[in-house]
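**Q** Shown below is the structure under consideration.
The values are calculated or read from the model by the stated rules, or taken from the named source; none is laboratory data. Just so it is clear, the model here is predicted, and its values are computed rather than measured. Heads up, the Cβs are rebuilt from the backbone with ideal geometry, glycines too, and the neighbour counts pull from every protein chain shown. Accessible surface is based on the protein model in full, side chains and every heavy atom, while ligands, DNA and RNA are left aside. Shrake-Rupley method; radii C 1.70, N 1.55, O 1.52, S 1.80 Å.
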Amino acid sequence: YQFSSNWVIGLQGARLWSGISGTGPDPHDPTDTLGVKTRWLSSVTGRFGYAGLVPNTLLYAKGGAAWANYRFDLQSADLSFGVPSVDQTRSGWTVGAGLEWMFARNWSVFVEYNHYDFGGGNVAAFSPILCVGCTATNTISSISKVDTVTAGVNYHFTWANPPVTARY
C-alpha cells in the first residue's frame, strides 16, 4: 500500500527450495563426517520502503518470521546407530533489504538480500533396537544462519484502477 505520496508498506510470503549443503567433522570422532542439506526456507515478512528516489523504483527494508527444513546425513557419523538421516524444521527470524523497479504498468523486477537466523538446536539420532528396555541417543548441537541474494520478476494484480503500485 502506497501512502503519503512516496512511502510504501506491504506484506510478503515466500517459499524457497534450496540445494545448500555441506559436510563437517563428527564432533565425537573427527575422522568421520556429518552432512547437512537445507531443503527449503519460508518466511512471512513486513516491508517498508520509499518510492521515487529514481523514477519507478522502490527501495525497501523487510523483516519477520522464518522457517527452514534441514536433512542431517548421519551415515558416516561415529555414533549414528544405523539411522541414515534426520529431518528437522526450525523457526527463526529474517531481515533484509531490496530494490524494485517497475518497468511496465503491472511488471517489476527486483533484487534483495536476506539474512535468516534459526539459532542453535540439537540433532538427536536414537535407536531403541540396541538394547532391550533402553534408548541410546547421540546428540549433536548445530547453529543455523543463511544469507541469500534473490532476483526476480513480479506481476502486480490490478483489481482497482489505477493500481496503487503504478505510482512508484
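**Q** Checking Leu74 against (1) buried (at least 18 other Cβ atoms within 10 Å of the Cβ); (2) more than 21 Å from the chain's Cα centre (by Cα); (3) closer than 28 Å to Phe3 by Cβ, which test does it fail?
**A** The failed condition is (3).
**Q** Still on this structure, please answer the following. Of all residues being closer than 16 Å to Arg71 by Cα and loosely packed, with under 14 Cβ neighbours inside 10 Å in region 1-19, which is modelled with the highest pLDDT? Just the residue, please.
**A** Of everything passing the filter in region 1-19, Trp17 is modelled with the highest pLDDT.
**Q** Related question: Name the residues in region 33-53 that are open to solvent by 60 Å² or more (accessible area, probe 1.4 Å) and over 26 Å from Ala65 (Cα atoms), would you?
**A** Thr33, Leu53
**Q** Related question: Any chance region 21-32 includes a residue that's open to solvent by 90 Å² or more (accessible area, probe 1.4 Å), of a type in the set (Ser, Thr, Tyr) and in a loop (DSSP other than H, G, I, E, B)?
**A** no
**Q** Kindly evaluate Gly64 against the criterion of being at pLDDT 95 or above, surrounded by 16 or more Cβ atoms within 10 Å (Cβ to Cβ), among the small types (Gly, Ala, Ser) and more than 19 Å from Tyr1 (Cβ to Cβ).
**A** no
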